[in-house]
């Protein structure tokens, strides 16, 4: 699926980008108020390569929203308390309430991505997770939640360029760690895991949207467009 992603589409003019960004940010603000009134929960899940631009996309989504109506959940490694329970347990308590928008910066898909590649989960655990995740998301959809899943895709050359830029920039070098460089060496293994994840967990209730992230302006607007269209259809 990744080979079919268009990585070349872009905005040639900054004014065109800013006009569309303003248009869809305003529309999302209006829709978020309507969803609140209708008590419809909205969940947006973001996965993607390191340095693919997930943070920039999320920033543009929430930039003009009412801060009382959304939360951003940044997923890190599980605590000892969370490890003592079924792995989906830690996500239940932070799901959106009715009428709320919650954005996951990484998510339960860590089980079939980083936990698979780094062997934090056994093979039996991550193989079983595809069905568990599909059942989990089907339950959320059946309960009325709008669930959108985005994978931000870039190529290996673009990632290297962004890693090097982060290291040189004193305002951004906190974003780059030895772990990022170590993960990059396993690109092929992660790519295999991503492909299987997309193939096995893109369902009618919760399809994956794979977004080309080389041109950041285009990716930001494309995600906003999909979000607005999806919420409009639900409402």
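The values are calculated or read from the model by the stated rules, or taken from the named source; none is laboratory data. Fair warning: this is a prediction, and the values are worked out from it, not measured in the lab. Cβ placement follows ideal geometry from the backbone for every residue including glycine, while neighbour counts extend to all protein chains displayed.
With the requirement that a residue be surrounded by 12 or more Cβ atoms within 10 Å (Cβ to Cβ) and either within 17 Å of residue 4 (Cα to Cα) or without any contact (Cβ under 8 Å) to a residue 60 or more places away in the chain (or both), what does segment 177-189 give you?
Selection gives 177, 181, 187.
Name every residue in segment 31-90 that is surrounded by 15 or more Cβ atoms within 10 Å (Cβ to Cβ) and modelled with pLDDT under 95, in order of residue number.
78, 87
Sort through 229, 128, 200, 138 and tell me the only one that's assigned to a helix (DSSP H, G or I) and under 20 Å from residue 49 (Cβ atoms).
Result of the check over 229, 128, 200, 138: 200.
What tally of residues in segment 191-222 results from selecting those that are touching a residue at least 60 places away in the same chain (Cβ under 8 Å), farther than 15 Å from residue 154 by Cα and out of contact with any strand residue (DSSP E or B) (no Cβ under 6 Å at 6 or more places or on another chain)?
9
Give the residue that is nearest to residue 143 (Cα to Cα), with candidates limited to residues of segment 223-235 that are in contact (Cβ under 8 Å) with a residue 40 or more places away in the chain and surrounded by fewer than 20 Cβ atoms within 10 Å (Cβ to Cβ).
Once the filter is applied, the top-ranked residue is 234.
I need the full set of residues from segment 165-212 which are farther than 23 Å from residue 117 by Cβ and over 19 Å from the mean Cα position of the chain (by Cα), in order please.
Of everything in segment 165-212, those that are farther than 23 Å from residue 117 by Cβ and over 19 Å from the mean Cα position of the chain (by Cα) turn out to be 165, 167, 168, 169, 170, 171, 172, 173, 174.
Residues that are within 25 Å of residue 201 (Cα to Cα) and without any contact (Cβ under 8 Å) to a residue 40 or more places away in the chain: which strands (runs of 3 or more DSSP E) entirely in segment 14-116 hold 3 or more of them?
In segment 14-116, 70-74 are the strands (runs of 3 or more DSSP E) which contain 3 or more residues that are within 25 Å of residue 201 (Cα to Cα) and without any contact (Cβ under 8 Å) to a residue 40 or more places away in the chain.
Answer yes or no as to whether residue 142 is on the phi < 0 side of the Ramachandran plot, touching a residue at least 40 places away in the same chain (Cβ under 8 Å), more than 18 Å from the chain's Cα centre (by Cα) and loosely packed, with under 13 Cβ neighbours inside 10 Å.
Answer is yes for this residue.
Return yes or no: is residue 148 touching a residue at least 60 places away in the same chain (Cβ under 8 Å), within 30 Å of residue 28 (Cβ to Cβ), surrounded by 15 or more Cβ atoms within 10 Å (Cβ to Cβ) and in contact with a strand residue (DSSP E or B) (Cβ under 7 Å, 6 or more places away or on another chain)?
When the stated conditions are applied, residue 148 passes them.
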